[in-house]
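These notes concern the structure reproduced below.
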Amino acid sequence: MDSGARLGAGSNSYYGPLVSSWTSAGLYCKNGPIKTSLSPSTRINTRPAAALLRRIAAIVYDSLLLLAVLFVAALPFVITIGDSRQSVPVHRLFQIYLLAVNFIFFAWFWIHGGQTLGMRAWRLQVLRNDGGKLGWRDAASRFFSATLSWLCFGLGFLWILIDKEKLAWHDRLSRTRVILLSKPETKRDKGH
């Protein structure tokens, strides 16, 4: 049996050398999508988990973008309130406002495609453990769990180094995972 026959519909035991990448829709080969009977949860478990250094690189990238967003978001508040020696309630309100801006920044990207700009640059994607896209509740759980991971001196992130599945605390708590996406095939790779 040649590799083309083994790539027939319903076959999921061997994909042969024609397989080029995983996409959000499934497995692709050079001739188009491969029909598989794999469920989304099976597909997510076959994709490699994101390593710690790649995650940190995406965090640094996103931190630079978020800093610019926070600067712009803080301007109206600073212009209207003015003096930094305001009362404690005003100061707390400003902190809550900035936390909300942080949440909206990450949650919007996670819900709309599973990738922040930093994650896109490093080919990372966050999905639920069942392979589905995150909703607002999933994003909130992940955001506040990740905050806990940072507040414990980053131990929640370092947990990736000893976890068999390379999951951080917030991955486990929010029932999500960060996966590494394959490189997209370019025209140069095809020989054009």
Footprinting proxy, ARG172, ARG92, ARG128: sorted fewest to most Cβ within 10 Å, the residues are ARG92, ARG172, ARG128
Between ILE111 and ALA51, what length in nm is gained on full extension when 0.36 nm per residue of separation is reduced by their alpha carbon distance?
-> 19.4 nm
Simple spin-label model, 7 Å along Cα-to-Cβ: ARG137 to ASP163 in nm?
-> 2.1 nm
Take the Cβ-Cβ distance between ARG175 and VAL90 as r, set R0 to 41 Å, and report the resulting FRET efficiency rounded to the nearest 0.05.
-> 0.65
Exposure proxy order (Cβ contacts within 10 Å, fewest to most) of SER149, SER174, SER63, SER141 | SER63, SER141, SER149, SER174
Compute the signed sum of charges (Lys and Arg +1, Asp and Glu -1) over the other residues within less than 11 Å, Cβ to Cβ, of GLU165.
-> +2
Calculated FRET value between LYS183 and LEU99, using beta carbons and R₀ = 30 Å, to 0.05 | 0.25
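Only the coordinates and a few stated rules stand behind these numbers; no lab work does. The structure displayed is predicted, hence computed values, not measured ones. When we count neighbours, we look across all protein chains shown, and the Cβ atoms used for this are built from the backbone with ideal geometry, even at glycine.
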